[in-house]
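Below is one structure, written out as structure tokens; comments come after it.
The values are calculated or read from the model by the stated rules, or taken from the named source; none is laboratory data. Please read these numbers as outputs of a predicted model, since none were measured by experiment. Ideal geometry is used to build each Cβ from the backbone, glycine not excepted, and the neighbour counts take in all protein chains shown. In case anyone asks, the SASA skips ligands and DNA or RNA and just uses the protein heavy atoms, side chains included. Shrake-Rupley method; radii C 1.70, N 1.55, O 1.52, S 1.80 Å.
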Amino acid sequence: MAYKIDADACLGCGACADACPVSCISEEDGKYVINADECLSCGSCAGVCPVGAPTEE
């Protein structure tokens, strides 16, 4: 299962994008989104997010 970022919780800090080993996280309008087709479901993004915005779908 891919991860998804809760846009309401996202602070826009970019920590998740920096941690992603396959670079499937991008910024859109100041918030970050995950490309589910490329996500490995490794949890690296969730591990570094200060507010827990990335969660498994």
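For (1) open to solvent by 90 Å² or more (accessible area, probe 1.4 Å); (2) in a loop (DSSP other than H, G, I, E, B), each residue gets a yes or a no:
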position: Ala7; (1), (2): no, yes
position: Cys10; (1), (2): no, yes
position: Asp18; (1), (2): yes, no
position: Tyr32; (1), (2): no, no
position: Ala36; (1), (2): no, yes
position: Leu40; (1), (2): yes, yes
position: Thr55; (1), (2): no, no
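Please determine whether any residue of segment 39-48 is hydrophobic (A, V, I, L, M, F, W, C), within 13 Å of Tyr3 (Cα to Cα), touching a residue at least 24 places away in the same chain (Cβ under 8 Å) and touching a Pro at 6+ places or on another chain (Cβ under 7 Å). Within segment 39-48, one or more residues are hydrophobic (A, V, I, L, M, F, W, C), within 13 Å of Tyr3 (Cα to Cα), touching a residue at least 24 places away in the same chain (Cβ under 8 Å) and touching a Pro at 6+ places or on another chain (Cβ under 7 Å).
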